[in-house]
Amino acid sequence: MEGNKSDTSKVPQMIVDMMGDHFLEVARHLRETQKYHPEDFRSVAKELKIGIRKAYNLAQISRTFDDLGVPIEQLRRIGWTKLALLSPYVDKVNIDTLLAKAADSTAHELKMYLRGNEFDPEGKTIVLHLDSEQYAVFEQALLTAGAIPHSRGLLNKEAALTALLASAGSS
C-alpha cells in the first residue's frame, strides 16, 4: 500500500486548472478524495494550492449540493464562499429560498441572515492594524466590556467596543 500513496494524492493538472470557474468539479474531486483516500486529503489540498479549511468547505459543498438538482450554472454564479455558508443550512425544503437570498446578498449579509441577525446596510467595517502590545490592550478592554473569547477571535466585540466608546465619551 505504501507505493499507492503518491498515485492517489496526485491531482490531475486538469483538476488543478479548474480551481477558478469550475470549483464545483474540484469540490467533487475533494469529496471523493475525502471519502476514498482520506489520508491523502491534505496533500491534495496542498497540490491544489488551497488551504485545508477551503478544501473541507469545497468537499462539503459537493456533499450538500450534488444531489439537490440545482443547475450547476446557478451554483457557479453564487460562488463557493456563499455556498459554503449555505451548506449547513440548506435542505430540499428551503433550497430555493436560500439560493435566492444568496444570489441577492453579499457574503456578509448572507452570514448575518443565516445567523438570524439583521443586516444594517448603513453599517461600516473598520480594519485596525495593531502590533501585539496594542492588540493585547485592545483585547483586554473588549473582554472587560463584555466580549466573549472564541477559538476564532472575540464574539460580541462590536457591542463591547461601542460600550467602551460610549463610556469614554461620557467621562
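The values are calculated or read from the model by the stated rules, or taken from the named source; none is laboratory data. As the structure is a prediction and not an experimental result, all values here were calculated from the model. As a convention, Cβ positions derive from the backbone with ideal geometry for all residues, glycine included, and neighbour counts pool all protein chains shown.
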Problem - Filtered residues of region 90-105 (kept if of a type outside the set (Gly, Ala, Ser) and surrounded by 13 or more Cβ atoms within 10 Å (Cβ to Cβ)) - result: 90, 95, 98, 99, 101
Problem - Residue in region 115-143 that is nearest to residue 88 (Cα to Cα), counting only those that are polar (S, T, N, Q) and surrounded by 11 or more Cβ atoms within 10 Å (Cβ to Cβ) - result: 140
Handout entry: Filter result for residue 54 (over 24 Å from residue 157 (Cβ atoms) and exposed (fewer than 13 other Cβ atoms within 10 Å of the Cβ))
Key = no
Fill in the blank from the handout: Inside region 99-136, the number of residues satisfying the requirement of being among the aliphatic types (A, V, I, L, M) and out of contact with any helix residue (DSSP H, G or I) (no Cβ under 7 Å at 6 or more places or on another chain) is 6
Fill in the blank from the handout: When (1) modelled with pLDDT under 95; (2) assigned by TED's automatic domain parsing to the domain that holds residue 28; (3) among the hydrophobic types (A, V, I, L, M, F, W, C) are applied to residue 119, the one that fails is (2)
Exercise for the section: Could you list all residues from region 57-72 that are surrounded by 21 or more Cβ atoms within 10 Å (Cβ to Cβ) and over 10 Å from residue 83 (Cβ atoms)? Expected result: 59
Fill in the blank from the handout: Apart from one, (1) within 16 Å of the chain's Cα centre (by Cα); (2) modelled with pLDDT of 95 or more; (3) not assigned by TED's automatic domain parsing to the domain that holds residue 71 all hold for residue 139; the odd one out is (1)
Completion exercise
The one condition residue 157 fails out of (1) surrounded by 12 or more Cβ atoms within 10 Å (Cβ to Cβ); (2) modelled with pLDDT under 95; (3) in the same structural domain as residue 25 (by TED's automatic domain parsing) is (3)
Practice task
Would you point out which residue out of 151, 132, 171 is at pLDDT below 95 and more than 27 Å from residue 82 (Cα to Cα)?
Solution key: 171
Problem - Every pair of residues 6+ apart whose Cβ atoms lie under 6 Å, when the first sits in region 72-83 and is within 16 Å of residue 97 (Cα to Cα) while the second is modelled with pLDDT under 95 and of a type in the set (Val, Ile, Thr) - result: none
